[in-house]
Structure formats: C-alpha cells, structure tokens
Amino acid sequence: MKSRRFRFVAAAALVLATAWAVFVGLAWRAMSSGPEAIGRFMSAVPGPLYMVMPFETLWNATRAGHLAAGDVAPDFDLATVDGTSRVRLSSFRGQRPVVLIFGSYT
C-alpha cells in the first residue's frame, strides 16, 4: 500500500516538475523574443502561475545584454519628441560626452 502511494506521489511530482519546466521554457522563449511576444505570453498566463514563475530571474537573464562598462554603445536612431526629425547616436561621437538614460515610467 505504501509503495503504491509513493509511486503515485512520485509520478505526480514528475508531472508537475515537467509542466513547470515547459512553462518556464515558454516564458524564456517569449522574453527572449521582444516586447510584443512578452505581452502576448504574459496576458495568457493564469494568475496563480505568477506565484511559481521565476519572473525576475528570467527577465534579468534574457535582457542582460552584452555591453560592459566602457564599451561603445550600439548605434540607433529615434524620432524627436515633436516627431519632426530623427536623431542618430553616432552623430554625437567625437563631439562631446553623451549620457543615455533608460528606464520604465509605467
């Protein structure tokens, strides 16, 4: 009787661990893909699963980047606030120091 119960508990634990690993793998894939994929994935996650999701660990691992202190920032261009022109980071190289501040204000 005890061995049957033990096998049932072991099988249930294996199924739960496998389901959790698949879930974390899907979350990793979504977080590695970009903001739209993250949004789609997170909107489909049932509330209780947020309790077992290693969200911060996944986020930090997939969004860490590859720059080190002192590296040259990759070039990019953005529209100005008024939308009338574009600004390219490389246009400032060699002229003066540029400070880039990234953040989320949501």
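A short reminder: the numbers here are calculations on the coordinates, not readings from a lab. Just so it is clear, the structure is predicted and the values come from calculations on it, not from any experiment. Here the Cβ is made from the backbone with ideal geometry for all residues, glycine too, and neighbour counts use every protein chain on show.
Among Gly83, Gly47, Val9, which residue has its Cα positioned farthest towards the positive end of the charge dipole of the chain, with +1 placed on the Cβ of Lys and Arg, -1 on the Cβ of Asp and Glu, and the dipole taken about the Cα centre? So the residue furthest toward the plus end is Val9. Relative to the longest principal axis of the Cα atoms of the chain, helix 2-33 runs at roughly 10 degrees.
Set against the labelled values [x] 76; [y] 28; [z] 60, percent of Cα pairs over 21 Å apart computed from this structure falls on [z]. The mean sequence separation of alpha-carbon pairs under 8 Å and at least six residues apart, normalised by the residue count of the chain, gives a relative contact order of 15 percent.
The loop-placed trypsin sites (Lys or Arg not before Pro) in the stretch 12-106, going by DSSP, that have at most 12 neighbouring Cβ atoms within 10 Å of their Cβ come out as Arg63, Arg93. With each run of n ≥ 4 DSSP H residues scored as -39500 (n - 2.57), what mean residue ellipticity at 222 nm is computed for the chain after dividing by its residue count and rounding to the nearest 500 deg cm²/dmol? Roughly -16000 deg cm²/dmol at 222 nm, from the helical runs in the chain.
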